[in-house]
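Data block below; observations after.
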Amino acid sequence: MSTETLAAEAVHFSRGNRAVLAGASLSLAPKEIVCLLGRNGAGKTTLLRIMLSFLRPDHGTVRLDGRALSGVSRRVLAQRVAYVPQLHHPPFPYLVREVVGMGRLPSTGLFGQTSRSDRDAVEEVMASLDIAPLADRRYTQLSAGERQLVMIGRALAQGARLLVMDEPFTGLDYGHQMELMDRLRSLKDQGYGILMTTHQPDHAAMIATRVTTLVAGQIADDGPPENVIVPATIRRLYGVEMHSFGCAQSS
Amino acid sequence: MKQVRRRALWQMIAAAGPPWELVLGAGLVLAMILALSVGKYPIAVAEIPQFFLASVGLGSVAADRYAALANVIIDIRLPRVLAAVLVGSALASSGAAFQAVFRNPLVSPGLLGVLSGASFGAALGIVLGVSWYFVQALAFVMGLGAVVFGVAVARLFGNSSTLTLVLGGIVSGALFSSLLSIIKYVADPMNALPNIVYWLMGNLAQSNLTQIAWLAIPMVGGVVLLGVLGRALDALAMGDDEARSLGVPVGVIRFAVIATATLVSSLTVSIAGMIGWIGLIVPHVVRLALGASNTRLMPSAAIFGAMFLLGADYLARTMANTEIPIGIVTELLGIPIFLLVLSRTNRGWNEH
């Protein structure tokens, strides 16, 4: 495994009396797509938010390249790890170019001016995702699939090599889901590491290089999709019987 | 379609011509000169720059004319024009800042209850007979109290969505309005009461140059601070987690923005009473014309707010034989403009 990793180590987190995470360990490295499966309320999003340093764990640490996140500034972290949120609708009609441009914020700093090289970086990212024609459109008027690409564009503009995505396929129709998978695969091939939560084991089977499951606040399974996405895991995770399905069938 | 064309035109101008800050700044200077020339005592527009050049030793104006001009321009009209510029820019930029930080295009200093809170604080100060400085401090403290109360009410009803925050602001505004009514009720009807009522209706002519100079320090400082926070406000407008993921220290920035916007909008109350609508409509008008980016919106809204209030003050002075309180004029102007903006803004608001 490369040294460039983001790793949660035995992370505990409680909300009130309820333990959401009880010693969860999860890592992400370049050139892999890790899918995190779990029931509703299993704590998938909480784990992501802890790994992004939005939340502080009660116990345990998150490390970036071996350094605890508590000792890494937000700006530095933002240039290494980017967050792609669930589809949402911002209240102001920013242009696509402006939204992608926000990704330069960690490099320039809050009060810094954007330079020619920042603008070039933004153009380059938009071209690489084929959203350059949308540059002067309003983000709020785009389709769900287009907005998801713009969010990925902003993440790439940060210069981060590790992307953390919260249910990237939610709200996309089937065609856009397949297109997004192709995009993500090609990002992986370019050396990006992607960690995502999903509700769809079949998505994980199609795209993941590694599938993890979050059960009772801990990572229960962590392995290649053909080992994890099997009827026994599906039964344990969702309480349903699965007879024939994707790579589960072939294994 | 029209909007698209206008933006394209603007971008062409922006690409070819001088920077937009310069264009807007020049517009503001021109508006100030025009405002200084308007009034009962006739002064030609060209005399204004001549007078100011003469006053710094460049060029000359006949001595008796200079004295007359000095009296009218410096003593009578300049305080008023500066008050309009300060109040207009403070209201517009704090309105834009509140909208970004609360992710809510429907809030403004007025709607969040800041103006009511500050009015109550200042009226309380007047009735208690405390010093002028303490009146300002009370206005700010009560303005801040009103925001905190409004946000707390919104939190009570779940996450701060567009509607609950507006609701919280209405409740907070109502609370401080009724507290203000109590003050009015107990105020001395011969002296303090007429003062409070007349001043709250909105009047730009009640501050002298010294008071304005003192208030200008925090107000200009606040407007400039909000202006340089544009990129942080853009990130905050996308959501707390996203702002954090872009390296923005969300808590610090949010606190600084709310405190600053509350300070500058509270101080407008002590200069000119309650002037509504500017904080709501100016950011919308500028957003329609120049786009949503706060790096451009914040300074442009400040300048455009100043020009808007200068224009409203012109109407207040000339529409009728007697002067109409400026607060009434901005309200009369604001409502049709707001409706127009509402019909043109894209419909993002009611999708929450």
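The values are calculated or read from the model by the stated rules, or taken from the named source; none is laboratory data. Note that this is a predicted model, so its numbers are computed, not measured. Using ideal geometry, Cβ is built from the backbone for each residue, glycine included, and neighbour counts are taken over all protein chains shown.
Of the residues that sit in the range B:157-170 and are at pLDDT 85 or above and surrounded by fewer than 19 Cβ atoms within 10 Å (Cβ to Cβ), which one is nearest to B:Ala123 (Cα to Cα)?
It comes out as B:Ile170.
Within the range B:276-291, take every residue that is out of contact with any strand residue (DSSP E or B) (no Cβ under 7 Å at 6 or more places or on another chain) and modelled with pLDDT under 90 and give me the one that is nearest to the other protein chains (Cβ to nearest Cβ).
My answer is B:Leu288.
Out of all the residues in the range B:254-270, which are surrounded by fewer than 21 Cβ atoms within 10 Å (Cβ to Cβ) and within 14 Å of chain A (Cβ to nearest Cβ)?
Selection gives B:Arg254, B:Ala256.
Limited to the range B:300-332, what total is found for residues that are farther than 21 Å from B:Met32 by Cα and touching a residue at least 12 places away in the same chain (Cβ under 8 Å)?
2
If only one of B:Val223, B:Val171, B:Val148 is over 30 Å from A:Val150 (Cβ atoms), part of a helix (DSSP H, G or I) and without any contact (Cβ under 8 Å) to a residue 12 or more places away in the chain, which one is it?
After applying the criteria, what remains is B:Val148.
Is it the case, given these coordinates, that B:Leu124 is aliphatic (A, V, I, L, M), closer than 24 Å to B:Ser300 by Cβ and surrounded by fewer than 24 Cβ atoms within 10 Å (Cβ to Cβ)?
On the way: aliphatic (A, V, I, L, M): yes; closer than 24 Å to B:Ser300 by Cβ: no; surrounded by fewer than 24 Cβ atoms within 10 Å (Cβ to Cβ): yes.
So B:Leu124 does not fit the description; no.
List the number of the failed condition for B:Asn294; all other conditions in (1) away from chain A (no Cβ under 13 Å); (2) farther than 27 Å from B:Val141 by Cβ; (3) in contact with an Asp or Glu (Cβ under 7 Å, 6 or more places away or on another chain) hold.
Here B:Asn294 meets the rest and fails (1).
In the range A:45-59, which residues are within 14 Å of chain B (Cβ to nearest Cβ) and outside any helix (DSSP H, G or I)?
Matches in the range A:45-59: A:Leu52, A:Ser53, A:Phe54, A:Leu55, A:Arg56.
From (1) within 12 Å of the chain's Cα centre (by Cα); (2) within 14 Å of chain A (Cβ to nearest Cβ), pick out the condition that doesn't hold for B:Val341.
Single failed check for B:Val341: (1).
Could you tell me which residue of the range B:317-336 is nearest to the other protein chains (Cβ to nearest Cβ), considering only residues that are modelled with pLDDT of 90 or more and out of contact with any Phe, Trp or Tyr (no Cβ under 8 Å at 6 or more places or on another chain)?
The selected residue is B:Pro336.
Between a residue in the range B:174-191 that is in contact (Cβ under 8 Å) with a residue 12 or more places away in the chain and any residue that is of a type in the set (S, T, N, Q), which pairs come within a Cβ distance under 7 Å, given they are 6 or more apart or on different chains?
So the pair list comes out as B:Phe176/B:Ser116; B:Ser177/B:Ser116; B:Leu180/B:Ser116; B:Leu180/B:Ser119.
Pick out the one residue from A:Leu6, A:Leu28 that is within 14 Å of chain B (Cβ to nearest Cβ), in contact (Cβ under 8 Å) with a residue 60 or more places away in the chain and out of contact with any Pro (no Cβ under 8 Å at 6 or more places or on another chain).
Numbers: A:Leu28 fails: within 14 Å of chain B (Cβ to nearest Cβ).
None of the others qualify; the one that does is A:Leu6.
Restricting to the range A:185-194, count the residues that are surrounded by fewer than 20 Cβ atoms within 10 Å (Cβ to Cβ) and touching a residue at least 12 places away in the same chain (Cβ under 8 Å).
Counting residues in the range A:185-194 that are surrounded by fewer than 20 Cβ atoms within 10 Å (Cβ to Cβ) and touching a residue at least 12 places away in the same chain (Cβ under 8 Å) gives 4.
Condition check ((1) crowded, with 19+ Cβ neighbours inside 10 Å; (2) out of contact with any Lys or Arg (no Cβ under 8 Å at 6 or more places or on another chain)) across all residues:
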residue	(1), (2)
A:Arg104	yes, yes
A:Glu124	no, yes
A:Ser128	no, yes
A:Thr140	yes, yes
A:Ala144	no, yes
A:Ile152	yes, no
A:Ala157	yes, no
A:Tyr174	no, yes
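What are the residues in the range A:188-220 that are in a loop (DSSP other than H, G, I, E, B) and not aromatic (Phe, Trp, Tyr), if any?
Within the range A:188-220, A:Gln190, A:Gly191, A:Thr198, A:His199, A:Gln200, A:Ala208, A:Thr209, A:Ala216, A:Gly217 qualify.
List, please: which pairs have Cβ atoms under 6 Å, are six or more places apart or on different chains, and start with a residue in the range B:284-299 that is part of a loop (DSSP other than H, G, I, E, B) and end with one that is of a type in the set (A, V, I, L, M, F, W, C) and buried (at least 20 other Cβ atoms within 10 Å of the Cβ)?
B:Ala292/A:Phe92
If a residue has to be assigned to a loop (DSSP other than H, G, I, E, B), crowded, with 17+ Cβ neighbours inside 10 Å and at the interface with chain B (Cβ under 9 Å from one of its Cβ atoms) to count, how many in the range A:60-95 make the cut?
Count: 6.
Please go through the range A:104-122 and pick out each residue that is assigned to a helix (DSSP H, G or I) and more than 7 Å from every other protein chain (Cβ to nearest Cβ).
A:Arg104, A:Ser107, A:Thr108, A:Arg116, A:Ser117, A:Asp118, A:Arg119, A:Asp120, A:Ala121, A:Val122
Inspect the range B:245-253 for any residue being under 17 Å from the mean Cα position of the chain (by Cα), surrounded by 22 or more Cβ atoms within 10 Å (Cβ to Cβ), modelled with pLDDT of 95 or more and within 14 Å of chain A (Cβ to nearest Cβ) and give the result as yes or no.
No, the range B:245-253 contains no residue that is under 17 Å from the mean Cα position of the chain (by Cα), surrounded by 22 or more Cβ atoms within 10 Å (Cβ to Cβ), modelled with pLDDT of 95 or more and within 14 Å of chain A (Cβ to nearest Cβ).
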